[in-house]
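Working notes, structure below.
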Amino acid sequence: MQEQRIDPRIRRFADVLVKFQSSPMTRQLEGRAYPSHSLDVSLHGMRLEVDAPVPVGALLELEVRLSPRSGRYRHVGNVVWSDAIDDDDGDAEMPGSLHDVGIRFHTHSNPQFSSWAQAVSSL
């Protein structure tokens, strides 16, 4: 499969609060928030590890802290892929099961995009 990303990934562990704005396939998730962390970041998206099943197409609000000294960056984005992480301990579709999730940001409507771009370019 050919790489489709336009920006390089930067491995970065960052604290992320994930809030479900819209999830038509799983309405019970809407309005819920989950603490999470990034595995890598880029200018237009990130990969997260989340303790909940996250369906492709879900609209998420993200609050990202790249380091303890950095400010908080807010993003809205869509889930473009989601994979259950098999832990051999239970049902991967249950809350509390880990999922590897790819997010594409809605950068055109983000007033913080230029400060995010500066922060990412300095990583």
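Within region 29-49, can you find the residues that are touching a residue at least 12 places away in the same chain (Cβ under 8 Å), outside any strand (DSSP E or B) and more than 15 Å from L17 (Cβ to Cβ)?
L43, H44
From the set of residues in region 72-106 that are part of a loop (DSSP other than H, G, I, E, B) and of a type in the set (D, E), which is modelled with the highest pLDDT?
D86
Hey, can you tell me all the residues within region 5-57 that are modelled with pLDDT of 85 or more, more than 23 Å from P111 (Cβ to Cβ) and in contact with a helix residue (DSSP H, G or I) (Cβ under 9 Å, 6 or more places away or on another chain)?
Once the filter is applied, which keeps residues that are modelled with pLDDT of 85 or more, more than 23 Å from P111 (Cβ to Cβ) and in contact with a helix residue (DSSP H, G or I) (Cβ under 9 Å, 6 or more places away or on another chain), region 5-57 yields V54, P55.
Given the conditions (1) more than 11 Å from the chain's Cα centre (by Cα); (2) in contact (Cβ under 8 Å) with a residue 12 or more places away in the chain; (3) more than 21 Å from I6 (Cα to Cα), which single one is not true for E63?
Among (1) more than 11 Å from the chain's Cα centre (by Cα); (2) in contact (Cβ under 8 Å) with a residue 12 or more places away in the chain; (3) more than 21 Å from I6 (Cα to Cα), E63 violates only (1).
Just the residues that are in a strand (DSSP E or B) and of a type in the set (V, I, T), please, taken from region 14-28.
Residues satisfying the conditions are V16, V18.
Pairs needed: first member in region 92-105, farther than 22 Å from P8 by Cα and of a type in the set (A, V, I, L, M); second member anywhere, part of a loop (DSSP other than H, G, I, E, B) and at pLDDT below 95; C-beta distance under 8 Å; at least 6 residues apart or different chains.
Within 8 Å, the pairs are A92/P53; A92/I85; A92/D86; M94/P53; L98/D51; L98/I85; L98/D87.
Residues V79, V41, V54, V64: which one is β-branched (V, I, T), surrounded by 14 or more Cβ atoms within 10 Å (Cβ to Cβ) and touching an Asp or Glu at 6+ places or on another chain (Cβ under 8 Å)?
Exactly one of V79, V41, V54, V64 is β-branched (V, I, T), surrounded by 14 or more Cβ atoms within 10 Å (Cβ to Cβ) and touching an Asp or Glu at 6+ places or on another chain (Cβ under 8 Å), namely V64.
The values are calculated or read from the model by the stated rules, or taken from the named source; none is laboratory data. Computed from a predicted structure; not experimentally measured. Counting neighbours? That spans all protein chains shown, and the Cβs are built from the backbone with ideal geometry, glycine included.
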